[in-house]
Amino acid sequence: MPGTDSELPYRVDCCRSRLAGSIMKIKGIHHIAIICSDYARSKTFYTETLGLSVIDEHYRAARDSYKLDLRAPDGVQIELFSFPDAPLRPSYPEARGLRHLAFAVEQIGNAIASLQARGVQVEPLRVDEYTGRRFCFFSDPDGLPIELYESPSGSDQDASAL
């Protein structure tokens, strides 16, 4: 049946019984990889607009491609790649796969003001109906949806990148 778990290469429920007691231990997210269409523009956006710090940068001549390693304040890394003529990936409306990238911020109003001061269009502020926390969306230079999610000060989700 289309759109069901039966299309997946394995079914989660059938694996649980066989693997009981041996579930891997994920420590956290190490990195998120993003392919951009304009390397210089995206590098400026992620470093100067979002405030991520540069860890390392390489030009790979054999692939005519850049690889930029960035770090968020909480240690999660973003790999920014450029490839000539990379195909588009649908993101709207609600395409399958990775939906968006979300950053935790302490004071969402200040973060929104910072983005708007740099010319970034930000969607209206919303409230999560389950947590009561405020959030909003905007896009990177290639249209990747990015969310700001207000996280209370002192939580383990804190990241005051903006």
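All told, GLU106 meets the bar of being surrounded by 13 or more Cβ atoms within 10 Å (Cβ to Cβ), at pLDDT below 95 and closer than 20 Å to SER151 by Cα.
In the range 28-55, the qualifying residues are those that are of a type in the set (Ser, Thr, Tyr) and outside any helix (DSSP H, G or I), and the one that is modelled with the highest pLDDT is SER53. For the residues LEU115, LEU98, LEU144, the requirement of being surrounded by 10 or more Cβ atoms within 10 Å (Cβ to Cβ) and modelled with pLDDT of 95 or more singles out LEU115.
Residue check: GLU123 meets all listed conditions (1) within 25 Å of ARG41 (Cβ to Cβ); (2) at pLDDT below 95 but one, namely (2).
Residues in the range 29-57 that are of a type outside the set (A, V, I, L, M), surrounded by fewer than 16 Cβ atoms within 10 Å (Cβ to Cβ) and in contact with a strand residue (DSSP E or B) (Cβ under 7 Å, 6 or more places away or on another chain) were compared, and the one that is nearest to PRO141 (Cα to Cα) is THR47. Would you call ARG18 in contact with a helix residue (DSSP H, G or I) (Cβ under 6 Å, 6 or more places away or on another chain) and either on the phi > 0 side of the Ramachandran plot or modelled with pLDDT under 80 (or both)? Here the answer is no, as ARG18 does not meet what is asked. Filtering the range 89-98 to residues that are within 17 Å of the chain's Cα centre (by Cα) and closer than 16 Å to GLY143 by Cβ leaves ARG89, PRO90, SER91, TYR92, GLU94, ALA95, GLY97, LEU98. Somewhere in the range 65-75, is a residue of a type in the set (Phe, Trp, Tyr) and either farther than 21 Å from GLN121 by Cβ or at pLDDT 95 or above (or both)? Yes. Search the range 60-87 for residues being of a type in the set (A, V, I, L, M) and within 17 Å of the chain's Cα centre (by Cα), and hand back the single one that is nearest to ILE32 (Cα to Cα). Going through the qualifying residues, I end up with ILE78. Against the list (1) in a helix (DSSP H, G or I); (2) of a type in the set (D, E, K, R); (3) modelled with pLDDT under 95, the condition LYS25 fails is (1).
Of the residues making up the range 118-140, those that are surrounded by fewer than 12 Cβ atoms within 10 Å (Cβ to Cβ) and small (Gly, Ala, Ser) number 2. Is it the case that LEU88 is modelled with pLDDT of 95 or more and not in a helix (DSSP H, G or I)? Against the criterion (modelled with pLDDT of 95 or more and not in a helix (DSSP H, G or I)), LEU88 does not qualify. Within the option set LEU70, LEU115, LEU80, being part of a helix (DSSP H, G or I) and in contact with a Phe, Trp or Tyr (Cβ under 8 Å, 6 or more places away or on another chain) holds for one residue only, LEU115. Entry remark, the range 118-153: residues being in contact with a helix residue (DSSP H, G or I) (Cβ under 9 Å, 6 or more places away or on another chain), among the hydrophobic types (A, V, I, L, M, F, W, C) and part of a strand (DSSP E or B) number 5 in total.
The values are calculated or read from the model by the stated rules, or taken from the named source; none is laboratory data. Remember, it's a predicted structure, so these values are computed and weren't measured experimentally. Using ideal geometry, Cβ is built from the backbone for each residue, glycine included, and neighbour counts are taken over all protein chains shown.
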